[in-house]
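The next block holds one structure in the form of structure tokens; read it before the comments.
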Amino acid sequence: MSTSRIPPILEQYTRAPSAGELVLLTNVLGAGTNWLISQFLCGALAEDPRRRAGGAAALGGGHETDAGEEEKGETAVLLVSWMRDLEFWTAEGRKAWGLDLARLTPRKRFTFIDGLTELFVSPATPSQHPNSNPNPHPSPLPIRSTRTITPRGPPPSTSSPNPIARNPPTPPTTSATTKLTSPSLQHIESTILHAISALSTTASPKRILLILDHPDLLLATGASSAAPSSQSTQHSISDTSTAVEPLRAMIHTLRQHVHATVVSLAADAPLANGGGGMPLETNHAALLAGMAHVADLVLSVRLLDTGFARDVSGVVRVSGAAGEGEEGGAVREVLYYVGKDGVVKAFERGGAGGVGEGS
């Protein structure tokens, strides 16, 4: 599939990262990064490997890719999202790219880990009897009998039907989604590492692009590398090093097992500045600053400073390795617009707002 769905002005930044690279995406309320994640996700899956080596040189910037990487197999994407479910990403891929993620899952090109729907769902207790009364206190109202009256029906047939045809066996359902069931970092890390080993095997090695969609949610949940005791719970949440370092160490460990990593974090003013004195604000600011420091490329999405515009959704600020050589301290700003059909338009300030148009 052609990568013309990516605006050329952004293609050099959303192209599949090189080996070991870390790309940081930041967003604010009202200007999300889900469309940018879709660019990395679908762009990596739809990319023609024959044009990967020469693509960066032709663009004159952006990610540089070694020619020897073509011999390491095709690209697979592991998406871990704490904000959106698989249905959302499937719709995004189909709407904006015409890409069917469900068909790529059996081919081990795409795996999704759901960190949203069952993260805090406690498992059901099978020992509890379904007819047990949850209220032990007697009720003053009379309790109706549970006896059922069987209505009269036609006489039973003399010929016994085939029980298999009457009650066909339920086919086994294969779920393409792995769900995180605990905010514990040990559980999250082991689940992701297991998915990585399942995607890339010795018989079928792959370049794995790991996308972490808002792992900063774990800071708000008080997740840590070990379950804190009741006496140390408050200290664990308040201490920046205790709350942030385990999460940062987990991301660093996961990076050692994949080809490249894309991380999306919130960067709203209270969370980015950390000046409010609240533990969550302080911890989030420390995580954001640390990730931005080690990232090779930072794409920051925000709203227009001048207010709302009908044909502009926001601004993408590019900084880091891909912006080296740009005038003004290796920083570049691009306006973008996301249409209802999912197609992204990007253009320089004062430029035309056509699909993929630049100055």
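Tabulated data
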quantity: Among (1) open to solvent by 30 Å² or more (accessible area, probe 1.4 Å); (2) at pLDDT below 90; (3) assigned to a loop (DSSP other than H, G, I, E, B) - the single one I237 does not satisfy; calculated: (3)
quantity: Residue list for region 286-314, restricted to those being open to solvent by less than 70 Å² (accessible area, probe 1.4 Å), free of Cβ contacts under 8 Å to residues at least 60 places away in the same chain and either assigned to a loop (DSSP other than H, G, I, E, B) or not small (G, A, S) (or both); calculated: L304, G307, V312
quantity: Region 170-195 - residue that is open to solvent by 10 Å² or more (accessible area, probe 1.4 Å) and β-branched (V, I, T) and, of those, modelled with the lowest pLDDT; calculated: T173
quantity: Conditions (1) open to solvent by 20 Å² or more (accessible area, probe 1.4 Å); (2) modelled with pLDDT under 95; (3) over 23 Å from P8 (Cβ atoms): number failed by N283; calculated: (1)
quantity: Of all residues making up region 272-284, the number that are out of contact with any Ser or Thr (no Cβ under 9 Å at 6 or more places or on another chain) and assigned to a helix (DSSP H, G or I); calculated: 4
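The values are calculated or read from the model by the stated rules, or taken from the named source; none is laboratory data. Small disclaimer: the values here were computed from a predicted structure and weren't measured. Ideal geometry is used to build each Cβ from the backbone, glycine not excepted, and the neighbour counts take in all protein chains shown. For the accessible areas, the whole protein counts, side chains as well, though only heavy atoms, and no ligand, DNA or RNA atoms are used. Shrake-Rupley method; radii C 1.70, N 1.55, O 1.52, S 1.80 Å.
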